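Asker: Below you'll find the structure I mean.
The values are calculated or read from the model by the stated rules, or taken from the named source; none is laboratory data. On a predicted model such as this, the values are computed, not experimentally measured, just so you know. Cβ placement follows ideal geometry from the backbone for every residue including glycine, while neighbour counts extend to all protein chains displayed.
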Amino acid sequence: MAASQRAQLEASNVRLVKDKVARWGITFGGGLVLIALLLIFFYLLYVVAPIFRSVSIDPMHNFALAGSGQTVALGMEEQSEIGFRFDDTGELTFFALKERIGTSWQPGDVLLQQQVASQPTAFTATQPQNKRYAYALAEGAVQVVEPKFRSRFEHGVRYTTPYIDPAEHPVIAIDPQQRTLVKLAYEYQGNSQLFAAVTDDQRVIVNLLQASRSFLTGTTELKPKFTELPLQGSVDDLLVTPDLRQVIVRQGNRLSIFSVSRTGTVTEQQTLTVDRRQFGPITSMSLLAGASSIMIGHDNGRITQWFEVATENGRQYKYIRQFQAGQSAIESIVSEFYRRTFYTISATGEVGVFHTTSEADLYFEKVGQLHAEHLVIDPRANTVLIESNNQLHTFELHNEHPEVTWSGLWQEVWYEGYPEPQYVWQSTSGSDAFEPKFSLVPISFGTIKAAAYAMIFAVPIGLAAAVYTAYFMSPRARKVVKPTVEIMEALPTVILGFLAGLWLAPIIEQYLPGFVATLILVPTSIIVVAALTSVLPKEWRNRCTDGRAAVILVPIVVVVGWLSFELSPWVEQTFFGGNVREYITNELGITFDQRNSLVVGIAMGFAVIPTIFSIAEDAIFSVPKHLSQGSLALGATTWQTLTKVVLLTASPGIFSAVMMGLGRAVGETMIVLMATGNTPILDWNIFEGMRTLSANIAIEMPESEVGSSHYRILFLAAFVLFIFTFAFNTLAELVRQRLRDKYSSM
């Protein structure tokens, strides 16, 4: 007896130890899961946070201005090691901006000084990315200058030296009448060059020089196409677009836009009058990067943006948005090389930094308490060179992500060339002049759209199958059906996506009437058969056990589906003129893509059904038998017992099943990647595709530059997806707990 008690006591102690180990192990594992989630959350925040940092400009060096004339332009090479300055006497000076290892260079040291033009009468510069400058000379001639830099590597160190090759750009005569040019604008594209100038008698001339290769000699010569514009009065500003297609002339608050054809013919396209009362007198004008927008500065510190929009009269410049840089006049506007960021200098010397796409006022103050007179940005937008009081000052610029603001991500933005503000995701292009479009709305909408169509397909099937299997099906059949459906969950989604994109999508396109008929007739036929069996004699009904009823329905479903597809060509020919896709597109005005939301919904539905079925089936089957048996004993029917007792008791589990399925659909990647066109559009049309957050990350992350705005916005998209699923799961858990508390007493 004593030995038996000792054995029982030892067994109890061992059990207690095992219970403690299991409890601590489960607690530790759950804690690790929470820690992992927190680490993911904070890592996403760590990557995303820099895109919302404010602009900072930090001083680096300052030195005396080299040269005797007045500055007309400043510039820097790509590495921000060498700067250059053009003055009004025609002298070009290169100087060091930084110390150089292995040399005695100090900031401000003159590296090269050369007279590139004699007694110039006007000066102009191309768009920053084209890196050319031009002086107007006597008798209507122009000297183009292109600062260049040579780089060599010695012992792993890069050495850059400036030079000029005058032979590359000989003097060009652009006015046949040899008048003095008092204003000048210039751009080039390939071997063609476009000049616009104002002569001393206030005439505006345009000369397009196109390269032509001689068939006999093989030499290239420039053939001019000279035009005098029909304008009267003084001219304040001239602009030429880099594509050599437009000349813009400003006279006070009136802008005359002229179109230049490929043959050199110049025609007036639009006369734009900027309202003085609304915007104020114009004091400066410049083209934004990409040259699609005109930025206009006013005497009240306002900067307005104008670009072409499609109208009834063709493409016309239209006011889009405005920015405010203090209250004093805007003396100059400087654009970055590639981004839609621009910088302003006001009459009181403040510097403003703005970005058009994001409509962001990023910075406005006196940099280093200096009265800025001239300003230039290096090609990488990392360094600012400012002239003030015969001194040059260099500053380190921190403005990595000006295109990212909450409004730009989540509100409509009026992009260049678009007829109205829109939600657009288009992150890259083959052109440096491209305006990135980073709206997260289309891809967030695509995520919801894909999940919604998948749930419309999966929830009815999954829950109906779970109810039938757990409540009506015989135990013997359940042992076969339940594992079979759960095994479907192990099928790789890449296989489902592959089958949906390459097999299912063409079938739906070819047999669309039959497919739609199948979705309607198969459930209808099941209901009709059930209604017919209900009126059969009781003896016959008793022979159809639960298992046999399911088997009887299988051939009916197969036959109805087969007939639907067999009759599809006849239906298409009879009611849709032989081509249902053209009928939908032309007659109904609905876009039809082969890989569309219907395909994605079905494919993702098959991926989600096992999750919903398994959890819901377990919840229904776990309802205590005494509840259903008591209900039946009190006279309730089987259906009443199911709806009033079983489903209510199992509702927390059923709700969890649906929410788990939704979470799976929201995070799905491979199916939407392969089975849809991945077009980020805002349209509920079931015959059009979409792009989801997860698919967008999978597509674009490999090609994004590490640390760029594009890269960090993709992480922001991942963060949005994380928060989205976290919020849904939290809501689901709260609802599940309330349902369990409500029905746990049954």
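Asker: Looking only at residues that are under 20 Å from TRP406 (Cα atoms) and outside any helix (DSSP H, G or I) in segment 29-67, which one is nearest to the chain's Cα centre (by Cα)?
Answerer: Restricting to residues being under 20 Å from TRP406 (Cα atoms) and outside any helix (DSSP H, G or I), the top hit is ARG53.
Asker: Within the set of pairs 6+ apart or on separate chains, which have a first residue in segment 242-266 that is at positive phi, a second that is crowded, with 22+ Cβ neighbours inside 10 Å, and C-beta atoms under 8 Å apart?
Answerer: Cβ pairs passing all conditions: LEU244/GLU187; LEU244/GLN193; LEU244/LEU194; LEU244/LEU208; LEU244/VAL260; GLY252/ILE282; GLY264/LEU208.
Asker: LEU409 is checked against (1) in contact with a His (Cβ under 9 Å, 6 or more places away or on another chain); (2) at negative phi; (3) not small (Gly, Ala, Ser) and fails just one. What number does that condition carry?
Answerer: Condition (1) is where LEU409 drops out.
Asker: Now for a different question. Taking the condition in contact (Cβ under 8 Å) with a residue 12 or more places away in the chain, not basic (Lys, Arg) and not in a helix (DSSP H, G or I), does GLU705 pass?
Answerer: Values: in contact (Cβ under 8 Å) with a residue 12 or more places away in the chain: no; not basic (Lys, Arg): yes; not in a helix (DSSP H, G or I): yes.
For GLU705, the condition - in contact (Cβ under 8 Å) with a residue 12 or more places away in the chain, not basic (Lys, Arg) and not in a helix (DSSP H, G or I) - is not met.
Asker: Let me ask something additional. Answer with yes or no whether VAL48 is out of contact with any helix residue (DSSP H, G or I) (no Cβ under 9 Å at 6 or more places or on another chain) and farther than 30 Å from GLU81 by Cα.
Answerer: No, not satisfied.
Asker: A further question follows. Can you tell me which condition THR611 does not meet? The list is (1) of a type in the set (Ser, Thr, Tyr); (2) more than 18 Å from TRP684 (Cα to Cα); (3) part of a loop (DSSP other than H, G, I, E, B), and all the others hold.
Answerer: (3)
Asker: Criterion first (aliphatic (A, V, I, L, M), in a loop (DSSP other than H, G, I, E, B) and out of contact with any Asp or Glu (no Cβ under 6 Å at 6 or more places or on another chain)) does LEU231 satisfy it?
Answerer: Answer is yes for this residue.
Asker: Here's another thing I want to ask about it. Would you pick out the residues in segment 324-375 that are β-branched (Val, Ile, Thr) and out of contact with any strand residue (DSSP E or B) (no Cβ under 9 Å at 6 or more places or on another chain)?
Answerer: Correct list: THR348 only.
Asker: Restricting the first residue to segment 188-206 and requiring it to be part of a strand (DSSP E or B), which pairs with a second residue that is of a type in the set (Gly, Ala, Ser) and crowded, with 19+ Cβ neighbours inside 10 Å meet a Cβ separation below 6 Å and a spacing of at least six or different chains?
Answerer: ALA196/ALA185; ILE205/ALA197; VAL206/ALA196
Asker: From the list ILE620, ILE671, ILE654, which residue is touching a Phe, Trp or Tyr at 6+ places or on another chain (Cβ under 8 Å) and modelled with pLDDT of 85 or more?
Answerer: ILE620
Asker: One residue is enough: does segment 646-658 have a residue meeting the conditions under 20 Å from ILE615 (Cβ atoms), more than 29 Å from the chain's Cα centre (by Cα), free of Cβ contacts under 8 Å to residues at least 12 places away in the same chain and not in a helix (DSSP H, G or I)? So that I can check it myself, show each step before the final result.
Answerer: Here is the first cut: in segment 646-658, the residues under 20 Å from ILE615 (Cβ atoms) are 646-658.
Narrowing the set further to residues that are more than 29 Å from the chain's Cα centre (by Cα) leaves 646-658.
Narrowing further to those that are free of Cβ contacts under 8 Å to residues at least 12 places away in the same chain: none.
No, every residue in segment 646-658 fails to be under 20 Å from ILE615 (Cβ atoms), more than 29 Å from the chain's Cα centre (by Cα), free of Cβ contacts under 8 Å to residues at least 12 places away in the same chain and not in a helix (DSSP H, G or I).
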